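Colleague: Following this message is one structure expressed as structure tokens.
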Amino acid sequence: MDSILYFYRDPLFDIIILFSIIATIALLDYSRNKYRTHKKQQSLQALAQSYEHTTLNEDMSHFITLYPKATPFLINLAQTYAQSGDNEMAIKIFLSLLESNKNTKTKIVILESLGKTYLNAGFMQKSKDIFTQILKTYPRNATAMKLLIKSYENMGEYQKALEALECLDEIDSQTQDFYTNNQQYFYLLILLNAHNIPLYKKIQNATIIGKNNPLFDKIILRYLKNYDLKAFWNYVFCLDSVTNIIDILWEISQENLHDEIINYPQIFEIFVAKGYFESKKECSIFELEILRTMHTYSTKKIHLAFEYRCHHCKAIFPFDSPRCPQCEELTQLDLILKPLQKIEL
């Protein structure tokens, strides 16, 4: 009995117990991490298998299995197809890669590219599911978070987009302007699409947002033009320049014009160029002057077309958008006026 008590009092026994506890904790932690890694792999595999696999062919899958080093090349090939507009071929390649690839990091890259391709092809729910699952597995994936925000925006789920934006701000430090502009943008969209807010309150709050950030003038003006013409003209008269909103003013019919436009030469000349009024005074904008001159001195019918240019990436589009379709920058696209002769059919 004394020998047993002596053994327990031996300092070596305490050291053995301490190391045993440390080893047990380390083993449990290792097992937990292995289990989590296994669950992540299972989750990504389940996500990949949840879509209908329209693989290119058996030879393609066999090639990927035999030559895994060719995976980066095939990813670039699929991305090239996506950029050229052949989303169907890009999706087929990505799905074939998912079916054959076992590396978790590579699978994440493939899933991100696949989700982006689905997004650009218009399969919003599929893209949202992919990015959501990636973030469940890797919550600090900033790329997936940005693409999820875009998915929510395209689906009109602006509240969820705002929440995702706040998460992105936590995991990836952005410039203050980026966060503030996008935050106000989603606030504005939530406001204008809310069904439980009175119209006068929407107009009041939207006007405040517009005064603080002219970036959203065209969004607000399009809304006001449809719901409150009086508020629309009040907003227009407060603008320093109407050069970039000529396309919106061009849509106004003659009976909806405000009597005060004659006191605003920049606005008045737009409707002179459209033929609503006669004036011998030259228009300050060259394209409008062409239309005014043609209305006055020619019988040829001329109409005004519009194009839109991003002043960040300089890409030109036939339609307006608050976010550049090319570089995805939140911006007000520069308006390009194009007088064209009407073709009689």
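The values are calculated or read from the model by the stated rules, or taken from the named source; none is laboratory data. Not measured: the values here are computed from a predicted model. As a convention, Cβ positions derive from the backbone with ideal geometry for all residues, glycine included, and neighbour counts pool all protein chains shown. Surface accessibility is based on the protein's heavy atoms, side chains included, excluding ligands, DNA and RNA. Shrake-Rupley method; radii C 1.70, N 1.55, O 1.52, S 1.80 Å.
Colleague: List the number of the failed condition for TRP233; all other conditions in (1) within 30 Å of PRO339 (Cα to Cα); (2) out of contact with any His (no Cβ under 7 Å at 6 or more places or on another chain) hold.
Modeller: (2)
Colleague: Filtering the stretch 294-330 down to residues that are modelled with pLDDT under 90 and of a type in the set (Val, Ile, Thr), which residue is nearest to GLU153 (Cα to Cα)?
Modeller: Across the stretch 294-330, the extreme among qualifying residues is ILE302.
Colleague: Counting only residues that are out of contact with any helix residue (DSSP H, G or I) (no Cβ under 6 Å at 6 or more places or on another chain) and small (Gly, Ala, Ser), which one in the stretch 78-90 is most open to solvent (accessible area, probe 1.4 Å)?
Modeller: SER84
Colleague: Kindly indicate whether any position in the stretch 37-54 is at pLDDT below 65, over 26 Å from the mean Cα position of the chain (by Cα) and farther than 25 Å from GLN125 by Cα.
Modeller: yes
Rundown of residues vs (1) of a type in the set (S, T, N, Q); (2) touching a Gly at 6+ places or on another chain (Cβ under 7 Å); (3) open to solvent by less than 40 Å² (accessible area, probe 1.4 Å), yes/no style:
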{"residue": "LYS92", "(1), (2), (3)": "no, no, no"}
{"residue": "LEU95", "(1), (2), (3)": "no, no, yes"}
{"residue": "LEU111", "(1), (2), (3)": "no, no, yes"}
{"residue": "MET124", "(1), (2), (3)": "no, no, no"}
{"residue": "ARG140", "(1), (2), (3)": "no, no, no"}
{"residue": "LEU147", "(1), (2), (3)": "no, yes, yes"}
{"residue": "SER151", "(1), (2), (3)": "yes, no, yes"}
{"residue": "CYS167", "(1), (2), (3)": "no, no, no"}
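Colleague: Looking at THR299 and the list (1) touching a strand residue (DSSP E or B) at 6+ places or on another chain (Cβ under 7 Å); (2) surrounded by fewer than 16 Cβ atoms within 10 Å (Cβ to Cβ); (3) among the β-branched types (Val, Ile, Thr), which single condition is not satisfied?
Modeller: Just one mismatch for THR299, condition (1).
Colleague: A further question follows. So which residues in the stretch 107-151 are in contact with a Ser or Thr (Cβ under 8 Å, 6 or more places away or on another chain), of a type in the set (Lys, Arg) and over 21 Å from CYS327 (Cβ atoms)?
Modeller: Within the stretch 107-151, LYS128, LYS136 qualify.
Colleague: Evaluate the stretch 190-202: report whether one residue or more is open to solvent by 60 Å² or more (accessible area, probe 1.4 Å), within 25 Å of ALA273 (Cβ to Cβ) and in a helix (DSSP H, G or I). Before the answer, list the steps.
Modeller: So the first thing to find is which residues in the stretch 190-202 are open to solvent by 60 Å² or more (accessible area, probe 1.4 Å), and the list is 193, 195-196, 198-201.
Subset that is within 25 Å of ALA273 (Cβ to Cβ): none.
Within the stretch 190-202, none of the residues are open to solvent by 60 Å² or more (accessible area, probe 1.4 Å), within 25 Å of ALA273 (Cβ to Cβ) and in a helix (DSSP H, G or I).
Colleague: Moving on. If I filter the stretch 211-223 for residues that are among the aromatic types (Phe, Trp, Tyr), touching a Gly at 6+ places or on another chain (Cβ under 7 Å) and on the phi < 0 side of the Ramachandran plot, do I get at least one hit?
Modeller: To start, the set of residues in the stretch 211-223 that are among the aromatic types (Phe, Trp, Tyr) comprises 216, 223.
Adding the requirement that they be touching a Gly at 6+ places or on another chain (Cβ under 7 Å) leaves 216.
Narrowing the set further to residues that are on the phi < 0 side of the Ramachandran plot leaves 216.
Yes, some residue in the stretch 211-223 is among the aromatic types (Phe, Trp, Tyr), touching a Gly at 6+ places or on another chain (Cβ under 7 Å) and on the phi < 0 side of the Ramachandran plot.
Colleague: If you go through the stretch 312-322 one residue at a time, do you hit one that is on the phi > 0 side of the Ramachandran plot, open to solvent by 80 Å² or more (accessible area, probe 1.4 Å) and charged (D, E, K, R)? Write out each step before concluding.
Modeller: Residues of the stretch 312-322 on the phi > 0 side of the Ramachandran plot: 314.
Filter again for open to solvent by 80 Å² or more (accessible area, probe 1.4 Å), leaving 314.
Still in the running and charged (D, E, K, R): 314.
Yes: the stretch 312-322 contains one or more residues that are on the phi > 0 side of the Ramachandran plot, open to solvent by 80 Å² or more (accessible area, probe 1.4 Å) and charged (D, E, K, R).
Colleague: Just checking, how many residues over the stretch 323-345 are among the polar types (S, T, N, Q), open to solvent by 30 Å² or more (accessible area, probe 1.4 Å) and closer than 30 Å to ILE149 by Cβ?
Modeller: Matching residues across the stretch 323-345 total 2.
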